[in-house]
Amino acid sequence: MLKTRINLIASLVDKCNIVLDIGSDHAKISKILIDENKANRVINVELNEGPLQNSIKATNHAKYYNHIWNIKSNGFKEIYPSFFIDVCIIAGMGGQTIVEILNESKSHKVNQFILQANNNVEKIRDWCFKNNWRIKNECFVKDNDIIYEILVISKKKGYIPFCFNRKYFGKINLKLKNELFIERWSDELKYLKRNENLYKKNIKIISKIEKILKNKNL
Ligand SMILES: C[S@@+](CC[C@H](N)C(=O)[O-])C[C@H]1O[C@@H](n2cnc3c(N)ncnc32)[C@H](O)[C@@H]1O
């Protein structure tokens with residue numbers, strides 16, 4: 001059976017002690033991780049009162065009491081910097097918002113991030129390059145007819161070359177060029193060619209997408 005976006009994100013978490021889910025909303029990921037015994041504790045972080053209450057209601061069950069915490073915080077602001085986090089998930093937000101949260105995480109101890117941006121994924125890759133994080137895995141999932149891109153990143157050792165193609169398309173994605181990658185960039189190409197203004201503003205990326213889709217050398 002095909003995985004949903006939420007299930008795929010949860011499946012990318014390796015068994016560990018502490019997971020932080022920033023922007024947890026209905027607490028779906030935390031429940032999967034505890035049900036599947038993949039984490040000892042999940043801390044759901046919510047900026048807004050409504051979604052925080054959703055999280056609290058959804059996890060109000062004896063089996064979650066000792067394993068799921070729900071806290072109100074703007075990203076990392078209320079998280080102790082000395083607290084060790086094995087995996088931090090930030091999903092379902094724009095790329096720019098995710099970058100802002102990542103910028104606040106610099107004084108915190110996070111081993112790995114799992115990131116799913118609804119747009120501007122290239123901003124996250126750019127942040128990784130500038131802040132010494134390695135993209136360990138990148139993949140796509142189609143859920144309700146929308147294609148989402150997910151990145152798994154960890155602290156890197158040594159220099160990794162970066163370029164326009166890697167920033168926009170992703171090194172691993174370019175190697176695999178799987179069906180969802182082709183579909184995602186074919187859709188983008190159609191969108192950018194929709195009118196003359198868009199076309200003119202995006203000539204460089206349009207030509208790169210066309211080359212990649214035609215399987216030419218980059
Ligand atoms: C669209 S929902 C995504 C929920 C869930 N992560 C998912 O992928 O389905 C985005 C959630 O992030 C929360 N959020 C946005 N900015 C945040 C921040 N800086 N810190 C904590 N939560 C935030 C919003 O309140 C909202 O509940």
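Summary table below
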item	result
C-alpha long axis of helix 203-213 to longest principal axis of the chain, angle in °	90
Solvent exposure, largest accessible area first (probe 1.4 Å, DNA, RNA and ligands not counted), of Cys128, Cys163	Cys163, Cys128
The chain: most fluctuating residue of Ile160, Ile22, Ile43 per GNM, C-alpha cutoff 10 Å	Ile160
Neighbour cut-off at most 14 other Cβ (10 Å), DSSP loop, trypsin sites (Lys or Arg not before Pro), the stretch 51-89	Lys77
Separation of alpha-carbon centers, the stretch 176-218 and the stretch 19-83, rounded to whole Å	38
Degrees separating the helix 95-104 axis from the principal Cα axis of the chain, which is the longest one	50
Shape call, the stretch 177-218: gyration tensor on alpha carbons, a/c limit 1.5	oblate
Low-density loop cleavage sites - chymotrypsin sites (Phe, Trp or Tyr not before Pro) in the stretch 144-218, where at most 10 other Cβ are within 10 Å (DSSP)	Tyr159
Gain on full stretching of the segment that runs from Asn137 to Phe84 - 0.36 nm per residue minus C-alpha separation	16.9 nm
Efficiency of FRET from Cβ geometry, Ser207 and Leu180, R₀ 22 Å, rounded to 0.05	0.50
Folded to 0 to 90 degrees: helix 121-130 orientation relative to the chain principal axis, Cα	80
Relative contact order (percent, whole number), the chain, Cα cutoff 8 Å, 6+ residue spacing	15
The chain - convex hull of the alpha-carbon atoms, volume per residue in Å³	139
Loop-exposed GluC sites (Glu not before Pro) per DSSP, neighbour cap 13 Cβ within 10 angstrom, longest uninterrupted part of the chain	79-218
Environment charge of Glu188, counting only residues whose C-beta is closer than 13 Å and scoring Lys/Arg +1, Asp/Glu -1	0
Qualifying aspartates and glutamates (Cα of each under 19 Å from Cα of Lys193; at least 8 residues distant if same chain)	Glu183, Glu210
Loop-resident sites, the stretch 1-106, for chymotrypsin sites (Phe, Trp or Tyr not before Pro), counting at most 16 other Cβ within 10 Å (DSSP)	Tyr65, Phe83
Förster radius 41 Å - calculated FRET efficiency between His61 and Asn119 (Cβ-Cβ, nearest 0.05)	0.75
Value of [θ]222 nm, deg cm²/dmol, for the chain, DSSP H segments ≥ 4, -39500 (n - 2.57) each, nearest 500	-11500 deg cm²/dmol
The stretch 35-134: Lys pairs at Cα distance under 15 angstrom, eight or more positions apart or on different chains	5
Zone residues, the stretch 45-63, relative to Glu100, backbone N less than 14 Å from point 7 Å out along Cα-to-Cβ	47-48
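The values are calculated or read from the model by the stated rules, or taken from the named source; none is laboratory data. Only a predicted model underlies this, so the values are computations on that prediction, with no experimental measurement involved. As a convention, Cβ positions derive from the backbone with ideal geometry for all residues, glycine included, and neighbour counts pool all protein chains shown. Heads up: the accessible areas ignore ligands, DNA and RNA and are worked out on the full protein's heavy atoms, side chains in. Shrake-Rupley method; radii C 1.70, N 1.55, O 1.52, S 1.80 Å.
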